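As structure tokens, the structure follows; a few thoughts come after it.
The values are calculated or read from the model by the stated rules, or taken from the named source; none is laboratory data. Bear in mind the structure is a predicted one, so any value in this text is a computation, not a measurement. Ideal geometry is used to build each Cβ from the backbone, glycine not excepted, and the neighbour counts take in all protein chains shown.
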Amino acid sequence: MLTSSTFISNLTSQYKQAAGVIPVAHKSGGPLEDIIVPFNGERTGASTSSAVSRDDELIFLSFCKDSTLSLQRNLQMLCTQS
């Protein structure tokens, strides 16, 4: 069931993603199904299972500008098609 607070939270996430904010979320059912969804088979965010893997992903994104730009482009295209 979609509650109003869940709807507002999802809407806020979508605005952030449209602005190019890359989501990094825990690898669980909710974030993987609702927030970090693939677009044309490409990544739109990062899912991690631990604090260590989260930190590794953040370090990778901060130093790999091509991947960051690609993720941002995928997010923006995903949001404009929704």
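For this structure, a couple of remarks:
- Boolean, Asp56 is modelled with pLDDT of 85 or more and not basic (Lys, Arg): yes
- Failed item in (1) of a type in the set (Val, Ile, Thr); (2) assigned to a helix (DSSP H, G or I); (3) within 15 Å of Val24 (Cα to Cα), with Thr44 passing the rest: (2)
- In segment 15-31, residue nearest to Met77 (Cα to Cα) [restricted to those that are surrounded by 15 or more Cβ atoms within 10 Å (Cβ to Cβ) and under 9 Å from the mean Cα position of the chain (by Cα)]: Gln17
- Unique match (being within 20 Å of Gln14 (Cβ to Cβ), out of contact with any Ser or Thr (no Cβ under 7 Å at 6 or more places or on another chain) and loosely packed, with under 13 Cβ neighbours inside 10 Å) among Gln76, Gln81: Gln81
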